[in-house]
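Worksheet: one structure, shown below.
The values are calculated or read from the model by the stated rules, or taken from the named source; none is laboratory data. Keep in mind the model is a prediction, meaning the values are calculated, not measured. Counting neighbours? That spans all protein chains shown, and the Cβs are built from the backbone with ideal geometry, glycine included.
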Amino acid sequence: MSILSPSQDTERLVMRKLMPVLVVAYIISFLDRSNIALAKTHLQVDFGLSTVAYGVGAGLFFLTYALAEIPSNLILHRVGARFWITRIMATWGLVSAGMALVQGETSFYVLRLLLGATEAGLFPGVMLYLTYWFGEASRARATGYFLVGVSLANVIGGPLGGALLGLEGKLGLHGWQWMFAVEGLLATAFAAVVFITLPDRPARARWLTPAQRDAMERRIADEAVAIETKRGKGASGLARCFTDPQILLAILIYFCHQIAIYTVIFFLPGIIAGYGKLSDLQVGCLSALPWLASAIGTMTIPRLANTPTRSAWLLRGGLVLMAVGLLVAAWTGPVVAMLGFCVAAFLFFVVQSLIFTYATSRLTGRGLAGGLAFINTCGLLGGFLGPSLMGAVEAHTGSTHDGLIVIAGLLLLSAIAATRLRHGSEERATPSPDLLKVNR
């Protein structure tokens, strides 16, 4: 069965209309979840937050985020992306701004837990949303463009956070309070933009012609039929995402990948600050360099993954190079170490954009909504383990180098595991029950 794909002109139009809104939303989400990296030393000074407590608090976000992921994505599948993404942004913005009210360890932990619960569902929701607009051949590229938001957030976040921290004492507030309040309220304000501009699916996009809407809706329906023909009717059921060995393998790889990413996000500013006497703004600007490399990689490499074979090689090679970059960062001086971080970051979101294509090639409907959330849920537990592990290593050894070596080893193991990963299109079709009866 051939799947009708939208024309290149239609796809470019969709990119132009949707991606700016989605990328800005993701930029703001990462500003709000990772700005505590810049606030770390200030929180330690102002109310004695320990390194271990910081690592636990940074990771607690991911516990509630993970627990709420699947319910959130199933709700989005039912009520539509426009309303649900608006709700996510409005509530997480208010909670993030509330971080300005932190008074000690307990309030720090509570607000990080609430932030995870309110932001849950954004990433897998967008991954599901993109399947409504882009076919399998172009989905990695679309996902890559979306993930540019993470890179840009870290490029922007360092200088912006450093500037806001410089408001220390203004109106009687600490700099970190200004940072949390301004960046949090930005999310709530942008929720209105999402509600106004984001259509639920092609059929509701006024900027498409009737013929374009029909073609894209037929593509969605035909792709779902093709997956069910290939994988069987269970591809649309929620149970498949918990039992498919390939989905579970993708989860293992994503788990290791997320340990690496969030360790760098939460500890890179502190590592750079240890290189010498640097101001907050200088640390913020230097912290942006690996994320600039990440943005370049995300914009250029995923478009090459237009076949299952290319996707597989890019995934394995990307994991290996990430590991090499972190080893270089652990074993060398400041200048070469920064180069190592840049090499690792160059592949961060190339790899992430590829991992999710394995689920979209094997699941559909409610099963796809749950499967994407399940992968992200389990993977983001690495977001809890990574910062917690690094915090414990730093407290025990006084250095983050050993932690980087351990994480590099996990990435190499995940690269080995990736050799067993297969797209749904690479496997034989599942015989229908009727055909099995005839064969008997």
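Quick notes on this one:
- Total residues in the stretch 297-311 satisfying the condition of being surrounded by fewer than 20 Cβ atoms within 10 Å (Cβ to Cβ) and not in a loop (DSSP other than H, G, I, E, B): the figure is 7.
- Selection of the stretch 35-56 for residues being free of Cβ contacts under 8 Å to residues at least 24 places away in the same chain and among the charged types (D, E, K, R) yields an empty set.
- Filter result (farther than 25 Å from TRP84 by Cβ and part of a helix (DSSP H, G or I)) within the stretch 168-180: LYS170, LEU171, GLY172, GLY175, TRP176, GLN177, TRP178, MET179
Here is a yes/no grid of residues against (1) modelled with pLDDT of 80 or more; (2) surrounded by 17 or more Cβ atoms within 10 Å (Cβ to Cβ); (3) among the small types (Gly, Ala, Ser); (4) at positive phi:
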residue	(1), (2), (3), (4)
LEU238	no, yes, no, no
LEU248	yes, no, no, no
GLY270	yes, yes, yes, no
SER279	no, no, yes, no
LEU286	yes, yes, no, no
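Residue-by-condition table, conditions (1) outside any helix (DSSP H, G or I); (2) loosely packed, with under 15 Cβ neighbours inside 10 Å; (3) modelled with pLDDT of 90 or more:
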site: LEU186; (1), (2), (3): no, no, yes
site: PHE190; (1), (2), (3): no, no, yes
site: ILE196; (1), (2), (3): no, yes, yes
site: PRO199; (1), (2), (3): yes, no, yes
site: ASP214; (1), (2), (3): no, yes, no
site: GLU217; (1), (2), (3): no, no, no
site: ALA224; (1), (2), (3): no, no, no
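- Residue that is under 14 Å from PHE195 (Cα atoms), in a helix (DSSP H, G or I) and modelled with pLDDT of 90 or more, where the choices are ALA90, ALA97: ALA90
- Close Cβ contacts (under 8 Å, 6 or more residues apart or on different chains) running from residues in the stretch 376-399 that are within 18 Å of PHE348 (Cβ to Cβ) to residues that are assigned to a loop (DSSP other than H, G, I, E, B) comprise MET390/THR400.
- Yes/no for VAL45 being surrounded by fewer than 23 Cβ atoms within 10 Å (Cβ to Cβ) and at pLDDT below 85: yes
- Scope the stretch 128-164; condition within 17 Å of SER311 (Cα to Cα) and either among the hydrophobic types (A, V, I, L, M, F, W, C) or over 14 Å from the mean Cα position of the chain (by Cα) (or both); matching residues: PHE134, GLY135, GLU136, ALA137, SER138, ARG139, ALA140, ARG141, ALA142, LEU147
- Restricting the stretch 104-137 to residues that are touching a residue at least 40 places away in the same chain (Cβ under 8 Å) and either among the basic types (Lys, Arg) or within 16 Å of LYS17 (Cα to Cα) (or both), the residue that is surrounded by the fewest Cβ atoms within 10 Å (Cβ to Cβ) is TYR132.
- Residue within the stretch 116-126 that is among the hydrophobic types (A, V, I, L, M, F, W, C), within 30 Å of ASN306 (Cα to Cα) and over 21 Å from the mean Cα position of the chain (by Cα) present: no
- Selection status of PRO159, touching a helix residue (DSSP H, G or I) at 6+ places or on another chain (Cβ under 6 Å), part of a helix (DSSP H, G or I) and within 26 Å of ALA66 (Cβ to Cβ): no
- Of all residues in the stretch 165-216, those being among the hydroxyl-bearing types (Ser, Thr, Tyr) and within 27 Å of the chain's Cα centre (by Cα) number 2.
- If you go through the stretch 77-106 and pick out every residue that is more than 28 Å from ARG201 (Cα to Cα) and of a type outside the set (Asp, Glu), you end up with 11.
- Test: residue in the stretch 374-382 that is modelled with pLDDT of 85 or more and not in a loop (DSSP other than H, G, I, E, B): yes
- The set of residues from the stretch 374-392 being crowded, with 24+ Cβ neighbours inside 10 Å and of a type in the set (Gly, Ala, Ser) comprises GLY379, GLY382, GLY383, GLY386, GLY391.
- Residue within the stretch 312-324 that is under 17 Å from PHE267 (Cα atoms) and assigned to a helix (DSSP H, G or I) present: yes
- Among residues of the stretch 351-373, those that are in a loop (DSSP other than H, G, I, E, B) and either at pLDDT 80 or above or hydrophobic (A, V, I, L, M, F, W, C) (or both), counted: 1
Residue-wise test of (1) in contact with a Lys or Arg (Cβ under 7 Å, 6 or more places away or on another chain); (2) within 20 Å of VAL328 (Cα to Cα); (3) not acidic (Asp, Glu).
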{"residue": "LEU372", "(1), (2), (3)": "no, no, yes"}
{"residue": "ILE375", "(1), (2), (3)": "no, no, yes"}
{"residue": "SER388", "(1), (2), (3)": "no, no, yes"}
{"residue": "THR397", "(1), (2), (3)": "no, yes, yes"}
{"residue": "ALA408", "(1), (2), (3)": "no, yes, yes"}
{"residue": "LEU412", "(1), (2), (3)": "no, yes, yes"}
{"residue": "ALA415", "(1), (2), (3)": "yes, yes, yes"}
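- Scan the stretch 105-135 for residues that are β-branched (Val, Ile, Thr) and closer than 24 Å to VAL45 by Cα and the total you get is 2.
- Reported count of residues in the stretch 201-212, each being without any contact (Cβ under 8 Å) to a residue 40 or more places away in the chain and outside any helix (DSSP H, G or I), is 2.
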